[in-house]
Amino acid sequence: MANTYSDQQSLVIGRCLVTGAGGFIGLQLCSQLQKHNIPVRMLLRKPISSGKSTDTVIGELGSDNISYESLLCEIDTVFHLANTAHISAASDCYKIDCEVTLALARNAQQAGVRRFVFISSTKAAADPGLYKCDESWDEWPNDGYGYWKRKTEERLLNEINIPHVAIVRPSLVYGAGIKGNLQKLICAIDKGYCPPLPDIAAERSMVSVHDVVSAILIAAVHIDANRQPLIVADGEAYTPFSIYLAIRAVLGKGKPGWSLPLPLLTSAGFLGDFLQRIWKTCPISSEVVSRLTEPCAYSSNKLRQLGWRPSTTFYKELPAIIAACQDVKL
């Protein structure tokens, strides 16, 4: 199966609900569904320009202003993306996300929904270190974000009797319009605030938002995607230094003749932890340093067996990503 969708597959998906439809992945997913004339109901926290869809619900799952009965009326497939996006939020936020997801799934089951696709994260398993892991890597994560992602996965599989329940675990997502640490890194390099990152062999996985969407749609329709997690990564081996050099090249900056020693960057992260107590927007912390320097590589072999193939790489998409970042006042 290629990364395209036939009319028959569109019929399998049927009328769908997309939660978190206003997010980075959600917008791309809705656009792709609409492109294939799949009826989409978008759940949004606030109104946005929603393309061709006029079927929108404004509200937040778990709040009094959402009626599950009307939200799920005549829905065949649920794509659940709504969540607390910030990986450093309080653990209670992720626990609430878990309960909200289970409430949505139980109501979907009662409403006769046939397919439920949960967008999780590779953080639902512990970071694999130097090992490039696949779905067989079963170690539980230590942080609250990953723990509750994993807990949500397990409860969906054990407690929900919807015929097709699929779990998609994207690695770090990139694409034009992305926000967060990648956007901040590009801005810092562009303005000369970021020294050359350490040249270390710490491979990390990434994936294009468009390839995440194609993986989500395959997970929704392929029988062998039922009731198991699917990791999504583009297969490239990215390191902090290679990303840094690529950004500099697109920005028209030369290759530096040095790189920051890892112990110095680690010390800067600890200093940032202290500074964040008085300067909430301090861009550096030990957590940021950890994400930049610790290896975290994944294999998408199981998803590839279902016919999925990545269409691009971070390096190919980088000019468009940087152009979009430069259009935003940071």
Output for the range 58-159 (equivalent-ellipsoid semi-axes, sqrt of 5λ from the C-alpha gyration tensor, Å, descending) is 27, 16, 10
Ordered by fewest other Cβ atoms within 10 Å, a rough proxy for footprinting exposure, 275, 17 read 275, 17
For the chain, longest principal axis from Cα atoms; helix 181-191 axis from its Cα atoms; angle between them, nearest 10 degrees, is 30 degrees
A chain fully extended from residue 131 to residue 312 at 0.36 nm per residue, minus the present Cα-Cα distance, gains in nm 62.8 nm
Summing +1 per Lys or Arg and -1 per Asp or Glu among the other residues with Cβ less than 13 Å from residue 323's Cβ gives -3
In the structure shown, of 132/184; 95/132; 95/184; 95/302; 95/149; 95/179, the pairs separated by more than 20 angstrom at the C-alpha atoms are 132/184; 95/132; 95/184; 95/302; 95/179
With N residues in the range 183-255, Rg(alpha-carbon) / (2.2 N^0.38 Å) equals 1.49
Given 102-110, 296-304, the highest-first ranking by average Cβ count within 10 Å works out to 296-304, 102-110
A correct fewest-to-most ranking of 16, 187, 30 by other Cβ atoms within 10 Å would be 187, 16, 30
Per its Cα gyration tensor (rounded if a/c is under 1.5, else prolate when a/b beats b/c, else oblate), the range 216-294 is best filed as oblate
Per its Cα gyration tensor (rounded if a/c is under 1.5, else prolate when a/b beats b/c, else oblate), the range 181-330 is best filed as prolate
If the chain between residue 45 and residue 281 were fully extended at 0.36 nm per residue, the gain over the current Cα-Cα distance would be 82.5 nm
Note to self: Kirkwood Rh of the chain, Cα pairs, one decimal, Å, is 20.8 Å
Residue span residue 327 to residue 253: 0.36 nm per residue of separation minus Cα-Cα distance leaves a gain in nm of 24.8 nm
Computed over the chain, the relative contact order (Cα-Cα under 8 Å, seq sep at least six) in percent reads 19 percent
The simple spin-label model distance between residue 142 and residue 54, using points 7 Å out along Cα→Cβ, in nm, is 5.4 nm
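Readers should treat all values here as calculations from the given coordinates under stated rules, not as data from a laboratory. All figures in this text were calculated on a predicted structure; none of them were measured in a lab. We place every Cβ from the backbone using ideal geometry, glycine too, and count neighbours over all the protein chains shown.
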